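Encoded as structure tokens, the structure appears first; notes follow it.
Each reported figure results from applying straightforward, stated rules to the coordinates on display, with no laboratory input. Remember, it's a predicted structure, so these values are computed and weren't measured experimentally. As a convention, Cβ positions derive from the backbone with ideal geometry for all residues, glycine included, and neighbour counts pool all protein chains shown.
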Amino acid sequence: MSGVVTSRAASAGRRQSQVAAESPVVRWLLIGIALVFMGVAVLLPLSVVFASAFSKGLAPFLAALSEPETISAIQLTLLTAAIAVPLNAVFGIAAAWLISRYDFRGKSVLVTLIDLPFSVSPVISGLIFVLLFGAQGFWGQWLSDHDIKIIFAVPGIVIATTFVTFPLVAREVLAVMQAQGSDEEEAALTMGASGLQILFHITLRKTRWGVLYGVILCNARAMGEFGAVSVVSGHIRGETNTMPLQVEILYNEYNFVAAFAVASLLAALSLVTLAVKKVAEWSAHARQRRQQAALAPVVAAAAAPLQRSLP
């Protein structure tokens, strides 16, 4: 039997190699095109940003980052991400659990609504919140009577950022939940486990890497969001400017060193986010390999009696 399995695996490997086989010229041409594209579209802009930020030395770079308005923009960016990302994580897990584990009327509508921020321009999203919470908006008079300020204030920035980024966690977790199925949850339910026990001890353990990827992507988008935040912030210096808005203001004032200094800090935060994502992926792959290595002797021991019984 092991010989049959080995022959099938070998034939499958030959078919795959025949399908993927290309001449060296074609392979190197494709690799070259990919490298040139990545260099022009990614590496070159990043190099220009960091080179421009340090073009006049380290002292002007540090001086630009120590400006009160810049510090306020950095703090507001981190605060917005610290609020929006946990909210989206909770919503994403709940929505993925609901869609992947239950059938109900309106399920397709919910999936479509989750994808809505992907199809709507961030500027349009900001305008929607202005029409809802602005001074002349639907809730504007009520908010003014109760001295609640959302537009041109921090709450509006948080709401707009949360809306723009909320599909990221939900989509990542939903894909993982649908791929893994619900067999373990159903087995735990038949053994008397509660919903919360199933969620925390089984579902979240299986989908933790999907949750982590979604949170990382959501955090990167939250820190770099420009369109929706630009509409609802009002560009109040030192109060409602996030880092992307501060870069725009400094650049329009021809303060290029300061603009590129803030942009380089934002790019560095994005690179750190990407590094965390890659470390998480490597950890997941290493853990999977360790599990496969640990199971290999068990599978071999279980298959040995069957192989001996075969002629």
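Computed from Cα atoms, the angle from the helix 122-133 axis to the main principal axis of the chain rounds to 60 degrees.
The residues Ile249, Ile198, Ile31, when put in order of fewest to most other Cβ atoms within 10 Å, stand as Ile31, Ile249, Ile198. Between helix 154-180 and the chain there is an angle of about 10 degrees, using the helix long axis and the longest principal axis of the Cα atoms.
For Lys206, a cut-off of 18 angstrom between C-alpha atoms picks up these aspartates and glutamates, skipping any fewer than 8 places away in its own chain: Glu172, Asp183, Glu184, Glu185, Glu186, Glu281. Along the chain, counting only GluC sites (Glu not before Pro) with a DSSP assignment other than H, G, I, E or B and at most 15 other Cβ atoms inside a 10 Å radius, the longest segment between sites is 23-238. Here r is the Cβ-Cβ distance between Gln291 and Ser121 and R0 is 45 Å; the resulting FRET efficiency, rounded to 0.05, is 0.55. Summing Lys and Arg as +1 and Asp and Glu as -1 over all other residues whose Cβ lies under 12 Å from the Cβ of Met243 gives a net charge of -3.
Taking only Cα atoms, what is the 0 to 90° angle, nearest 10, from helix 24-38's long axis to the longest principal axis of the chain? The helix 24-38 is inclined about 30 degrees to the chain. For the range 86-213, the ratio of Cα radius of gyration to the globular rule of thumb 2.2 N^0.38 Å stands at 1.32. Placing +1 on each Lys and Arg Cβ and -1 on each Asp and Glu Cβ, with no other charges, gives the range 167-306 a dipole about its Cα centre of roughly 480 debye. Orientation-averaged projection of the chain equals 25.4 nm² [convex hull of Cα atoms, one quarter of hull surface area].
When both the range 86-163 and the range 212-245 are represented by their alpha-carbon centers, they are found 15 Å apart.
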